[in-house]
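Novice: I am attaching a structure below and will ask some questions about it afterwards.
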Amino acid sequence: MTKSTLIRNIGTLVTNDPTLGEGPLGVIEGAALVLDGDRVAWAGPGADAPATDEAHDAEGRAVLPGFVDSHSHLVFAGDRTREFAARMSGRPYTAGGIRSTVAATRAASDAELGANLARYLREALCQGTTTQETKSGYGLTPEQEARALRIAGEHTDEVTYLGAHIVAPEFADDPAGYVAQVTGPMLDACAPHARWVDVFCEQGAFDGDQARAILTAGKARGLTPRIHANQLSYGPGVRLGVELGAASADHCTHLTDADVDALAQGETVATLLPGCEFSTRAVYPDARRLLDAGATVALSTDCNPGSSFTSSMPFCIAVAVREMGMTPDEAVWGATAGGARALRREDVGRLSPGAYADLVLLDAPSHVHLAYRPGVPLTAAVWRRGVREV
């Protein structure tokens, strides 16, 4: 028999359910929340809270849904500190640095990769992330990519096949041969272990025709597309993603009006990754332009060893507010409900009856403090599926 838990004396409760509270965040002041097993059973004014088996006093702190990080690359080995230092000295970021991580990842044992992944997931959890997507992409052979996905699947349900991260070194002179590998033997080995298929559609990686072939082949095997799009330059990635029904187009830094219109009129979520621009000294995406056009915007960390080595969603919220034109409310929504949309999930990213009991208790009276107090460790407690884990 499951126990019910009342979290009472909440200063500000973000439900992301407008039917429960004020505005798009469904904010309730002076609130309470009831957890029953792994689900939310009730949310509302504290004075109306039902009786429960046990209670936790929030002491006037804010509660919001656990962060949903819909884009990361956590199955890897090695270190790219020197590359980062060189970039901070003026060298521009390119996709080529991925090759050094490929070599280190191939040389690592299953145990080493699994331990690294578990450590980064715990690091993210301690900052409030309760749902985490992660990708392959640092193996680039059928056996290595399948290994990465198998290891990822031991830790998260949101696993993405990214054999098309870059062209494998062995195929440097035969990119068409590598695309055939990604859409053939590698896909055969990887499809059973993944929910999503992704491709880095960019100069130095895969062009539009190659990306179309890879995503179409993945769809035929039951995988739903995602796409790395328009990060380093203008290109076909965003519109290709919308055309193929991708759940998300990620990066979206260099957009034409037609790209923005496609995102606004389609179902594909624009996932913005401010940690990447911060770590590469690149121009930030214009979130305001996307939001004003009516596009759905998510925020994610893009945690990876090369271009965005942060697991902190609070950091990304603060940067998005400071540098990308988002309000604090929009950034919090993007990091919770937006991430859930990007993963096509309705059971996370909100705190209303029926959703998973995934929540963050902040050491602050309001969610606005995530942007108001950048860099401050505000996570006081985290529940995941009804169990307090932090």
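The values are calculated or read from the model by the stated rules, or taken from the named source; none is laboratory data. Owing to the predicted nature of the structure, the values given are computational and were not obtained by experimental measurement. Don't worry about glycine lacking a Cβ; one is built from the backbone with ideal geometry, like all the others, and counts go over all protein chains shown. Keep in mind that these areas ignore ligands, DNA and RNA; they rest on the heavy atoms of the full protein, side chains included. Shrake-Rupley method; radii C 1.70, N 1.55, O 1.52, S 1.80 Å.
Novice: Within region 152-159, identify whether any single residue is among the hydrophobic types (A, V, I, L, M, F, W, C), within 30 Å of ARG341 (Cβ to Cβ) and surrounded by 17 or more Cβ atoms within 10 Å (Cβ to Cβ), and answer yes or no.
Specialist: Filtering region 152-159 down to residues among the hydrophobic types (A, V, I, L, M, F, W, C) leaves 152, 159.
Subset that is within 30 Å of ARG341 (Cβ to Cβ): 152, 159.
Among the residues that remain, those that are also surrounded by 17 or more Cβ atoms within 10 Å (Cβ to Cβ) are: 152, 159.
Yes, because at least one residue in region 152-159 is among the hydrophobic types (A, V, I, L, M, F, W, C), within 30 Å of ARG341 (Cβ to Cβ) and surrounded by 17 or more Cβ atoms within 10 Å (Cβ to Cβ).
Novice: Residues that are free of Cβ contacts under 8 Å to residues at least 60 places away in the same chain and crowded, with 20+ Cβ neighbours inside 10 Å: does region 32-40 have at least one?
Specialist: yes
Novice: Right, THR224: within 18 Å of the chain's Cα centre (by Cα), over 29 Å from TYR372 (Cα atoms) and open to solvent by 10 Å² or more (accessible area, probe 1.4 Å) or not? Break it down stepwise before answering.
Specialist: Working: within 18 Å of the chain's Cα centre (by Cα): yes; over 29 Å from TYR372 (Cα atoms): yes; open to solvent by 10 Å² or more (accessible area, probe 1.4 Å): yes.
Taking the combined requirement at face value, the residue satisfies it.
Novice: Of (1) touching a residue at least 40 places away in the same chain (Cβ under 8 Å); (2) open to solvent by less than 60 Å² (accessible area, probe 1.4 Å), PHE278 satisfies all except one. Which?
Specialist: It fails just one condition, (2).
Novice: Also: Applying the selection to region 107-151, what residues are surrounded by fewer than 23 Cβ atoms within 10 Å (Cβ to Cβ), assigned to a loop (DSSP other than H, G, I, E, B) and not polar (S, T, N, Q)?
Specialist: Across region 107-151, the qualifying residues are ALA108, CYS126.
Novice: Which of the residues that make up region 296-318 are hydrophobic (A, V, I, L, M, F, W, C) and surrounded by 24 or more Cβ atoms within 10 Å (Cβ to Cβ)? Can you show your working first?
Specialist: First, pick out the residues of region 296-318 that are hydrophobic (A, V, I, L, M, F, W, C): 297-299, 303, 309, 313, 315-318.
Selection gives VAL297, ALA298, LEU299, CYS303, MET313, CYS316, ILE317.
Novice: Ok, one more. Would you tally the residues in region 181-222 being farther than 19 Å from GLU143 by Cβ and part of a loop (DSSP other than H, G, I, E, B)?
Specialist: Residues meeting the conditions: 7.
Novice: Residues ASP250, ASP286: which one is open to solvent by 10 Å² or more (accessible area, probe 1.4 Å) and either of a type in the set (D, E, K, R) or touching an Asp or Glu at 6+ places or on another chain (Cβ under 8 Å) (or both)?
Specialist: Values: ASP250 fails: open to solvent by 10 Å² or more (accessible area, probe 1.4 Å).
It is ASP286.
Novice: Let me ask something else. Would you confirm whether any residue within region 153-161 is outside any loop (DSSP other than H, G, I, E, B), without any contact (Cβ under 8 Å) to a residue 60 or more places away in the chain and closer than 24 Å to VAL68 by Cβ? It would help to see each step written out before you state the result.
Specialist: To start, the set of residues in region 153-161 that are outside any loop (DSSP other than H, G, I, E, B) comprises 153, 158-161.
Pick out the ones that are also without any contact (Cβ under 8 Å) to a residue 60 or more places away in the chain and you get 153, 159.
Of the ones still in play, those that are also closer than 24 Å to VAL68 by Cβ are 153, 159.
There is at least one residue in region 153-161 that is outside any loop (DSSP other than H, G, I, E, B), without any contact (Cβ under 8 Å) to a residue 60 or more places away in the chain and closer than 24 Å to VAL68 by Cβ.
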